[in-house]
1. Could we say that Asp51 is outside any helix (DSSP H, G or I), under 17 Å from the mean Cα position of the chain (by Cα), of a type in the set (Asp, Glu) and closer than 22 Å to Pro171 by Cα here?
2. I need the full set of residues from region 138-153 which are of a type in the set (Asp, Glu) and either under 19 Å from the mean Cα position of the chain (by Cα) or in a helix (DSSP H, G or I) (or both), in order please.
3. In region 130-153, which residues are surrounded by fewer than 14 Cβ atoms within 10 Å (Cβ to Cβ) and under 25 Å from Phe4 (Cα atoms)?
4. For region 15-41, how many residues are surrounded by fewer than 22 Cβ atoms within 10 Å (Cβ to Cβ) and part of a strand (DSSP E or B)?
5. Here is a list: Ser75, Ser24, Ser30. Which entry is closer than 22 Å to Glu129 by Cα and of a type outside the set (Lys, Arg)?
6. Can you give me the number of residues within region 160-200 that are among the aliphatic types (A, V, I, L, M), touching a residue at least 60 places away in the same chain (Cβ under 8 Å) and within 26 Å of Asp51 (Cα to Cα)?
7. Residue by residue through region 102-118, note down the ones that are in contact (Cβ under 8 Å) with a residue 12 or more places away in the chain and more than 21 Å from Ser53 (Cβ to Cβ).
8. Do you know which residues across region 86-137 are over 23 Å from Thr153 (Cβ atoms), part of a loop (DSSP other than H, G, I, E, B) and out of contact with any Pro (no Cβ under 6 Å at 6 or more places or on another chain)?
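Only the coordinates and a few stated rules stand behind these numbers; no lab work does. Values in this document were obtained by computation on a predicted structure and should not be read as measured data. Virtual Cβ from ideal backbone geometry, glycine too; neighbours counted across all protein chains shown.
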Amino acid sequence: MSDFLDLHRPGDPLVMPNPWDVGSARILASLGARALATTSSGFAATLGRLDGSVTRDEAIGHAAAIAAAVGVPVSADLENCFADDPAGVAETVARAKAAGLAGCSVEDWSGSEIYDVELATERVAAAVEAAGEDFVITARAENLLHGGDLDDTLTRLRRFQEAGAPVLFAPGAVTEEQIRAVVGGVDRPVNVLAFPGTPPVARLAELGAARVSTGGALAYAAYAALATAGHELLEQGTYGYWSGAGAGREAVTHAFAGGS
């Protein structure tokens with residue numbers, strides 16, 4: 001299997017931040033990130049859109065640009081792989097693999113509903129088959145984000161494991177009890193999404209997590225800083241934002257000094 005999958009070690013989790021553009025990807029790589037993943041919500045924000053509004057071509061092109069810009073593996077957040085049917089999922093995975101990515105995720109959420117478990121499993125199986133041996137599929141059970149319960153989450157993750165998914169992910173598993181149940185309930189590396197209230201990385205390691213991602217949070221933090229600076233400038237006419245701008249300029253200079 002791939003070098004990317006080798007980075008997933010239960011008890012020694014891969015901390016995999018989610019950049020939202022090439023610049024943020026290069027900064028995070030320069031800070032020592034061993035792998036990166038795109039974020040659908042963060043990327044949509046760069047286009048002035050909300051999550052769920054980008055096309056497959058846009059998402060794959062964006063992920064490919066990030067992969068080409070950094071020297072670490074990049075996994076793509078491809079939502080539901082832009083298809084309800086297994087054949088469409090397989091086509092998306094094949095395109096992502098051809099674009100030079102190290103892996104991608106496939107969700108069991110259509111954008112309006114959770115797929116039936118049988119269809120969801122068939123979709124994961126199709127993704128795994130299209131991926132081959134050197135492309136890592138992360139199978140996501142989304143129901144904790146949409147009113148589902150932990151038992152159903154575990155049932156789905158076990159089915160996705162049986163379908164061959166190398167990495168499993170239940171966004172919305174936040175408490176130690178939930179994370180322990182997910183990690184202990186499957187026999188594959190588990191990704192944990194860092195939400196408010198999620199245990200620190202050191203504790204996630206003790207709980208057996210193999211990967212920690214951030215979703216759109218880093219992008220939203222950056223946009224919050226922009227909004228704060230904009231309010232100050234437009235409403236007060238002052239420039240206090242320069243207190244943070246210097247550090248940002250240093251990060252950009254460090255990360256971009258080698259050119260594109």
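1. The answer is yes for Asp51.
2. Result: Glu142, Asp151, Asp152.
3. Looking only at region 130-153, we keep the residues that are surrounded by fewer than 14 Cβ atoms within 10 Å (Cβ to Cβ), and these are 132-134, 146-147, 149, 151.
Result: Gly132, Glu133, Asp134.
4. Selection size over region 15-41: 1.
5. On the way: Ser24 fails: closer than 22 Å to Glu129 by Cα; Ser30 fails: closer than 22 Å to Glu129 by Cα.
After ruling out the rest, the residue left standing is Ser75.
6. Let us first name the residues in region 160-200 that are among the aliphatic types (A, V, I, L, M), namely 163, 165, 167-168, 170, 173-174, 179, 181-183, 186, 190, 192-194.
Filter once more, so that each one left must be touching a residue at least 60 places away in the same chain (Cβ under 8 Å): 167, 183, 190, 192.
Restricting the remaining residues to those that are within 26 Å of Asp51 (Cα to Cα) gives 167, 190, 192.
Summing the residues that are among the aliphatic types (A, V, I, L, M), touching a residue at least 60 places away in the same chain (Cβ under 8 Å) and within 26 Å of Asp51 (Cα to Cα) in region 160-200 gives 3.
7. Ala102, Gly103, Val117
8. Ala99, Gly100, Leu101, Gly132, Glu133, Asp134, Phe135
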